[in-house]
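Q: Please find one structure pasted underneath; my questions will follow.
The values are calculated or read from the model by the stated rules, or taken from the named source; none is laboratory data. The shown structure was predicted, so the numbers you read here are calculated from the model rather than taken from an experiment. No Cβ is skipped: glycine too gets one built from the backbone with ideal geometry, and neighbour counts run over all protein chains shown.
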Amino acid sequence: MPGVPDREKKSENCQSCFKMLNGTVPYATFNDGTYSHYYCAQCFDGIGFTESNLSLNTAFSRFIAGKRLSWLARMKYARVFQNLRRWKMGDY
Ligand SMILES: [Zn+2]
């Protein structure tokens, strides 16, 4: 987003499910009203992940479900998912 200072910069895709933030899904909000910079409201409820037992594989399967992806695209997204904050760092 142009004109937004760096400290306000947010991920464009949810770092758990990789949906487009503020496009497909809204950002998660904390109890104090601030936005999560990394996660959508479906994945993170401001206190913790809504599905704490969700695995990387399940999240990835959901993401590619219904999408017509080439083998190459699947490989690309698999790598993207491995590097998402939740799956890489397990952090909020
Ligand atoms: Zn999400």
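Q: Report yes if Asn83 is at pLDDT 95 or above, loosely packed, with under 12 Cβ neighbours inside 10 Å, among the polar types (S, T, N, Q) and under 14 Å from Cys14 (Cα atoms), otherwise no.
A: Against the criterion (at pLDDT 95 or above, loosely packed, with under 12 Cβ neighbours inside 10 Å, among the polar types (S, T, N, Q) and under 14 Å from Cys14 (Cα atoms)), Asn83 qualifies.
Q: Looking at the range 50-68 only, could you name the residues that are assigned to a helix (DSSP H, G or I) and among the small types (Gly, Ala, Ser)?
A: Residues satisfying the conditions are Ala59, Ser61.
Q: Here's something else I'd like to know. For the range 51-80, what are the residues that are at negative phi and exposed (fewer than 10 other Cβ atoms within 10 Å of the Cβ)?
A: Ser52, Asn53, Ala65, Lys67, Arg68, Ser70, Trp71, Leu72, Arg79
Q: Out of all the residues in the range 19-49, which are in a loop (DSSP other than H, G, I, E, B), farther than 16 Å from Asp91 by Cβ and of a type outside the set (A, V, I, L, M)?
A: Lys19, Asn22, Gly23, Thr24, Pro26, Asn31, Asp32, Gly33, Thr34, Gln42 - these are the residues of the range 19-49 that are in a loop (DSSP other than H, G, I, E, B), farther than 16 Å from Asp91 by Cβ and of a type outside the set (A, V, I, L, M).
Q: Additional query: Could you list all residues from the range 1-52 that are at pLDDT 90 or above, more than 15 Å from the ligand (Cβ to nearest atom) and among the polar types (S, T, N, Q)?
A: Hit for the range 1-52 is Thr34, nothing else.
Q: Just the residues that are under 16 Å from the mean Cα position of the chain (by Cα), of a type in the set (A, V, I, L, M, F, W, C) and over 18 Å from Cys40 (Cβ atoms), please, taken from the range 62-92.
A: Ala78
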